[in-house]
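What follows is one structure encoded as structure tokens, with my remarks underneath.
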Amino acid sequence: MSSPAAFLAPVLLLLGPPAPTQGSSAALTPDADVTTVPSAMPGRIMLEAIHRTPVQHQVRIEQRVIIRVVPRSTAVRRGMSSFVEAQPTSARLVERKTGDCVPAAAIDAVQPAPDNRLMLFMRDRRLFSAKLKRSCRARDFYSGFYVERNEDGMICVDRDKLQSRTGSKCEVETLRQMVPASD
């Protein structure tokens with residue numbers, strides 16, 4: 001069973017301390033510190049002074065943009081390319097050197113490929129191959145990836161980390177553009 005003092009303490013705090021003596025004058029100002037609160041103050045006002053929220057005079061705004069690249073389904077690829085002239089299925093692709101960066105916003109879809117590579121399908125119908133670092137596996141990216149947008153809006157070799165939806169983070173080792181082989 002609880003002590004009667006536990007029930008009476010809140011009531012006594014609301015009633016406050018005894019009336020001030022003749023020589024003391026107590027007033028609560030907004031800038032009053034908790035340590036300088038006069039003892040003649042009613043308990044309710046004293047509690048408000050203790051629990052007052054401190055004023056902060058600073059603002060911090062952080063912005064973070066994360067780009068999500070998803071795999072493109074085969075049905076969508078067939079549907080979008082049905083109006084384009086069909087390319088021969090035996091077309092062989094070869095790698096061609098390109099810069100060390102690709103625009104992140106221009107990537108339309110991703111697909112894991114053999115040899116620890118990701119095939120990046122661009123919106124302008126170009127195709128890039130991104131070879132991942134040796135410690136990573138391309139098959140972890142079967143459901144796409146996330147990348148944090150940089151100031152320049154590019155995904156660059158040895159700088160940006162691609163995060164798979166399963167949680168692994170990998171850097172891109174090389175970028176190559178895939179073009180049809182000219183026999």
Fill in: Residues being aliphatic (A, V, I, L, M) and more than 14 Å from S164 (Cα to Cα) - total across region 131-144
0
Response to the item:
Exactly one of R126, R134 is closer than 20 Å to D158 by Cβ, more than 24 Å from the chain's Cα centre (by Cα) and among the basic types (K, R), and that residue is R134
Discussion item. I need the full set of residues from region 91-111 which are without any contact (Cβ under 8 Å) to a residue 60 or more places away in the chain and either outside the structural domain of K161 (by TED's automatic domain parsing) or part of a strand (DSSP E or B) (or both), in order please.
Written reply: P103, I107, D108, A109, V110, Q111
Discussion item. Looking at region 112-149 only, could you name the residues that are in contact with an Asp or Glu (Cβ under 7 Å, 6 or more places away or on another chain) and touching a residue at least 40 places away in the same chain (Cβ under 8 Å)?
Written reply: F121, S129, K131, L132, K133, V147
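The values are calculated or read from the model by the stated rules, or taken from the named source; none is laboratory data. For clarity, every value in this text was computed on a predicted model and none was experimentally measured. No Cβ is skipped: glycine too gets one built from the backbone with ideal geometry, and neighbour counts run over all protein chains shown.
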